[in-house]
Amino acid sequence: MAILAGVVAAVLTAAATGPETITVQRGIDIKAPPERIFPLINHLRRWPEWPTDDGETKATRTFGPIASGKGATAQWIGSGSTGSGRMEITESVPSSRVTVMADFRKPFTAHNINTFTLEHRGESTHVTWSWRGQNVYLLRLMNLFTNADRMMGSHFESGLQALKRRAESPP
């Protein structure tokens, strides 16, 4: 019993000493000009057009009075890992960058910053989705047994693929 207690204590201590923040980044090339992609990101009401996973499509969303750009807000309530929270566009640079503050309430409280950067490259646009967030204790504990970059990265890859499909489809 003492050995089990020691192992549990060691795991809990290791989680407590993990980094306080975590960063994940993914990118994709989209055959569309930045002017076509930017509104899909900058207008929160358009995010359901490029869902990052099936759970998000089932979330209930409400939106603030500002439709797009700096100050635009959205709240969501979903089940499972979708959870609930609020996001707000804190920076909007036309056709080049959108920064979104995301505050999760469920499945745990966390505050994250998502930055979408669009770089025009010939006939394509390279879109980078960077995420920097609080590495709350529960995530630190999970990170001892899983790879957070791989887990979160697959979420971003799915979203970027959906953004690509939407941006490359006829208007």
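The values are calculated or read from the model by the stated rules, or taken from the named source; none is laboratory data. Please read these numbers as outputs of a predicted model, since none were measured by experiment. When we count neighbours, we look across all protein chains shown, and the Cβ atoms used for this are built from the backbone with ideal geometry, even at glycine.
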### Query
How many residues, within segment 118-149, are modelled with pLDDT of 80 or more and of a type in the set (Val, Ile, Thr)?
3
## Note on the structure
Scanning segment 98-118 residue by residue, those aromatic (Phe, Trp, Tyr) and within 15 Å of residue 23 (Cβ to Cβ) turn out to be 116
### Task
Would you check if residue 166 is basic (Lys, Arg), out of contact with any Gly (no Cβ under 9 Å at 6 or more places or on another chain), buried (at least 17 other Cβ atoms within 10 Å of the Cβ) and modelled with pLDDT of 90 or more?
yes
### Query
Just one of the numbered conditions (1) touching a helix residue (DSSP H, G or I) at 6+ places or on another chain (Cβ under 7 Å); (2) within 22 Å of residue 124 (Cβ to Cβ); (3) buried (at least 16 other Cβ atoms within 10 Å of the Cβ) is not true of residue 41; which one?
(1)
### Subset tally (residues that are surrounded by fewer than 17 Cβ atoms within 10 Å (Cβ to Cβ), without any contact (Cβ under 8 Å) to a residue 60 or more places away in the chain and basic (Lys, Arg)) for segment 76-121
3
